[in-house]
Amino acid sequence: MIGSSALVAGGLLLGVSQTVAAEDTYDWPRFFNVITPIVGTANHSLAVAWTSEFSAQTNARSRVLPGPNGFSRSSWLETGEGRIAMLQASDYFDQMDGVEGFAAKNAGPADTRVMNVNMVTPWGYMVRGDSDIESIHDIGPGTRIAYAASSSFLLVGVDALLAYLDLDHDDVTLVEVGNYGANTAIVAEGRADVAFTSPLSGPSYEAEAGPNGIRWLELPDASADPEAYARYRALHTGYVPAVTEAGVTSAKGIRMDHAYQTNHVRADEDEEFVYQLYKWMDVNHDSYKDDFTHAHMMTVDNMVNFLNEGHLQPLHKGAIRYLEEKGLWTDAYQTRQEALVELAVAREQLFHDAIAAAEAEGVRVAAGEDEWVQFWADYRADRGHDKSYGTMVSEIK
């Protein structure tokens, strides 16, 4: 007589066999690129971890393609250089507003969708360990702040800090740097006093291990100064304040903003590909979660947390399909999803219409062209899109 435990075990084995068989029948693309931030960032290292395991387990090959800045990541996804690109909400909002480098034709507003959550990443204000700056209120005239012109969200992090303190660019000394790594290194080297950066990234670990170490400045609670906090949050949308639990030792226990960093695909990306890849990431998480310090955060549980916080970007239908299969997709998520999709589609169309109208008037459409930048701002405002994209998302109930 076969016991019930044996029947259960047999059923589980049968289920596993059927799952493996189903996965084996999927014809993976021979090759695809995953676009990440530069080498040394946490998201680049994470992508190397999972793509290496993916390539080892399947008949496909996935290459990590580091982009020099957020503008290039958006552009490369739009032009097909890669099929997957890392964007956090602040990147996405800047792209949908078409600001700075996102004003370029191929880097501007586009209907892209979330496939998965990579990490929940803290972002904050770092000083050297021997700095006299103990809180953000010690920042003022003469303070040297790292200013990474290549990254819109790093610039916004600085501008939000100044807004909280009711300061302008002219009230401090902005020290321009060329890339993300230099943004942190310049503080460790003593050539700047403050940088907006993440305690999860390689440059932060290097700076902490240096002879002077590093410290992090606490983000004040909204109740400490509601008006100052409102000025800060008006610029710094897409973040969730929380006590830091991951990253360099010096950051743990410090309250700072956190971002759900996600992989995006184009809205018209193949549903089956997204579904199968997201499923592979989940089912095989144990095989790569120890290959990088923060890979343990790349879970469906964190996707659910992202959704419960009131997700800020729409999901791809392939990802939704997998969440539905696991019984995790709700009517409330779907309602918000539909509103986010409607807003994204409208903004993308508005951008393309503005490009056509500008070119018809002889305006050169390119990032940094003042006439185009003003044309796009006016065109948007005249059609009811005068608020920032982050504000419009925050108003979705």
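If we only count strands (runs of 3 or more DSSP E) wholly inside the stretch 93-190, which ones have 3 or more residues that are open to solvent by 10 Å² or more (accessible area, probe 1.4 Å) and under 20 Å from Pro68 (Cα atoms)? Don't jump to the end; show me each part of the working.
Details: elements: 112-128, 144-148, 173-177.
It comes to 173-177.
Has the stretch 76-86 got any residue that is at pLDDT below 95 and among the aromatic types (Phe, Trp, Tyr)?
Looking for residues that are at pLDDT below 95 and among the aromatic types (Phe, Trp, Tyr), one finds none in the stretch 76-86, hence no.
If you go through the stretch 259-296 one residue at a time, how many are touching a strand residue (DSSP E or B) at 6+ places or on another chain (Cβ under 7 Å), open to solvent by 20 Å² or more (accessible area, probe 1.4 Å) and not in a loop (DSSP other than H, G, I, E, B)?
2
In the stretch 374-384, which residues are aliphatic (A, V, I, L, M) and buried (at least 17 other Cβ atoms within 10 Å of the Cβ)?
In the first step, residues of the stretch 374-384 are kept if they are aliphatic (A, V, I, L, M); the result is 377, 381.
Passing the criteria: only Ala377.
State all residues of the stretch 71-92 that are touching a residue at least 24 places away in the same chain (Cβ under 8 Å) and either part of a strand (DSSP E or B) or farther than 15 Å from Thr36 by Cβ (or both); if no residue qualifies, say none.
Going through the stretch 71-92, the residues touching a residue at least 24 places away in the same chain (Cβ under 8 Å) turn out to be 71-79, 81-92.
Of everything in the stretch 71-92, those that are touching a residue at least 24 places away in the same chain (Cβ under 8 Å) and either part of a strand (DSSP E or B) or farther than 15 Å from Thr36 by Cβ (or both) turn out to be Glu78, Thr79, Ile84, Ala85, Met86, Leu87, Gln88, Ala89, Ser90, Tyr92.
Only residues in the stretch 158-187 that are over 26 Å from Tyr229 (Cβ atoms) and in contact (Cβ under 8 Å) with a residue 12 or more places away in the chain count as the first member; pair them with residues that are open to solvent by 10 Å² or more (accessible area, probe 1.4 Å) and acidic (Asp, Glu), Cβ under 8 angstrom, at least 6 apart or cross-chain, and list the lot.
Ala185/Glu206
When residues of the stretch 135-149 are filtered for being in contact (Cβ under 8 Å) with a residue 24 or more places away in the chain and out of contact with any strand residue (DSSP E or B) (no Cβ under 8 Å at 6 or more places or on another chain), how many remain? Steps first, answer last, please.
The first filter runs over the stretch 135-149 and keeps only residues in contact (Cβ under 8 Å) with a residue 24 or more places away in the chain, leaving 135-137, 139-149.
Narrowing the set further to residues that are out of contact with any strand residue (DSSP E or B) (no Cβ under 8 Å at 6 or more places or on another chain) leaves 137, 140-141.
Residues in the stretch 135-149 being in contact (Cβ under 8 Å) with a residue 24 or more places away in the chain and out of contact with any strand residue (DSSP E or B) (no Cβ under 8 Å at 6 or more places or on another chain): 3 in total.
Only one of (1) among the aromatic types (Phe, Trp, Tyr); (2) over 30 Å from Glu53 (Cα atoms); (3) out of contact with any Leu (no Cβ under 8 Å at 6 or more places or on another chain); (4) open to solvent by less than 10 Å² (accessible area, probe 1.4 Å) is not met by Tyr239, so which one is it?
(4)
Tell me, please, whether a residue that is among the hydroxyl-bearing types (Ser, Thr, Tyr), more than 20 Å from Thr237 (Cα to Cα) and touching an Asp or Glu at 6+ places or on another chain (Cβ under 9 Å) can be found in the stretch 108-125. Please lay out each step first, then the result.
Residues of the stretch 108-125 that are among the hydroxyl-bearing types (Ser, Thr, Tyr), as a first pass: 112, 121, 125.
Keeping just the survivors that are more than 20 Å from Thr237 (Cα to Cα) gives none.
No, the conditions are met nowhere in the stretch 108-125.
Tell me which of these Ile35 doesn't satisfy, since it passes every other one: (1) at pLDDT 95 or above; (2) over 14 Å from the mean Cα position of the chain (by Cα).
Looking at each condition in turn, Ile35 falls short on (2).
Of the conditions (1) farther than 27 Å from Glu208 by Cα; (2) assigned to a helix (DSSP H, G or I); (3) hydrophobic (A, V, I, L, M, F, W, C); (4) in contact (Cβ under 8 Å) with a residue 12 or more places away in the chain, Ala56 fails just one. Which one is it?
(4)
Which of the residues spanning the stretch 296-338 are of a type in the set (A, V, I, L, M, F, W, C) and under 20 Å from Glu269 (Cα atoms)? Explain how you work it out, then say what you get.
As a first pass, look at the stretch 296-338 and keep what is of a type in the set (A, V, I, L, M, F, W, C): 297-298, 300, 303-304, 306-307, 312, 315, 319-320, 323, 328-329, 332.
Within the stretch 296-338, Met303, Leu312, Leu315, Ala319, Ile320, Leu323 meet the criteria.
Within the stretch 289-307, can one find any residue that is at pLDDT below 95 and basic (Lys, Arg)?
no
Within the stretch 188-221, which residues are under 20 Å from Ile139 (Cα atoms) and without any contact (Cβ under 8 Å) to a residue 12 or more places away in the chain?
The answer is Glu189, and nothing else.
Here's the yes/no breakdown for (1) under 30 Å from Tyr232 (Cβ atoms); (2) assigned to a loop (DSSP other than H, G, I, E, B); (3) in contact with a strand residue (DSSP E or B) (Cβ under 7 Å, 6 or more places away or on another chain):
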residue	(1), (2), (3)
Glu359	no, no, no
Val363	no, yes, no
Ala366	no, yes, no
Trp372	yes, no, no
Arg380	yes, no, no
His385	yes, yes, no
Gly390	yes, no, no
Lys397	yes, yes, no
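Report every pair of residues separated by at least 6 positions or lying on different chains whose Cβ atoms are under 8 Å apart, first residue within the stretch 367-378 and under 11 Å from Ala354 (Cβ atoms), second charged (D, E, K, R) and surrounded by fewer than 17 Cβ atoms within 10 Å (Cβ to Cβ).
Between residues of the stretch 367-378 that are under 11 Å from Ala354 (Cβ atoms) and residues that are charged (D, E, K, R) and surrounded by fewer than 17 Cβ atoms within 10 Å (Cβ to Cβ), the close pairs are Trp372/Arg364; Phe375/Glu361.
How many of the residues making up the stretch 300-325 are out of contact with any helix residue (DSSP H, G or I) (no Cβ under 6 Å at 6 or more places or on another chain) and open to solvent by 40 Å² or more (accessible area, probe 1.4 Å)?
6
For the stretch 230-258: of the residues being in contact with a helix residue (DSSP H, G or I) (Cβ under 9 Å, 6 or more places away or on another chain) and part of a strand (DSSP E or B), which is farthest from Ala160 (Cα to Cα)?
Taking the candidates together, the pick is Pro241.
If Lys387 satisfies all but one of (1) loosely packed, with under 13 Cβ neighbours inside 10 Å; (2) of a type in the set (D, E, K, R); (3) closer than 23 Å to Gln88 by Cβ, what's the number of the condition it fails?
Against the list (1) loosely packed, with under 13 Cβ neighbours inside 10 Å; (2) of a type in the set (D, E, K, R); (3) closer than 23 Å to Gln88 by Cβ, Lys387 comes up short only on (1).
In the stretch 359-369, is there at least one residue being open to solvent by 40 Å² or more (accessible area, probe 1.4 Å), under 27 Å from Gly310 (Cβ atoms) and not aromatic (Phe, Trp, Tyr)? Before the answer, list the steps.
Step one: of the stretch 359-369, the residues open to solvent by 40 Å² or more (accessible area, probe 1.4 Å) are 359-362, 364, 367-369.
Within this subset, residues satisfying the condition of being under 27 Å from Gly310 (Cβ atoms) are none.
No, because not a single residue in the stretch 359-369 is open to solvent by 40 Å² or more (accessible area, probe 1.4 Å), under 27 Å from Gly310 (Cβ atoms) and not aromatic (Phe, Trp, Tyr).
The values are calculated or read from the model by the stated rules, or taken from the named source; none is laboratory data. Quantities reported herein were computed from a predicted structural model and do not represent experimental measurements. Note: ideal-geometry Cβ built from the backbone for every residue, glycine included; neighbour counts use all protein chains shown. When the accessible area is computed, the model is the full protein with side chains, heavy atoms only, and any ligands, DNA or RNA have been set aside. Shrake-Rupley method; radii C 1.70, N 1.55, O 1.52, S 1.80 Å.
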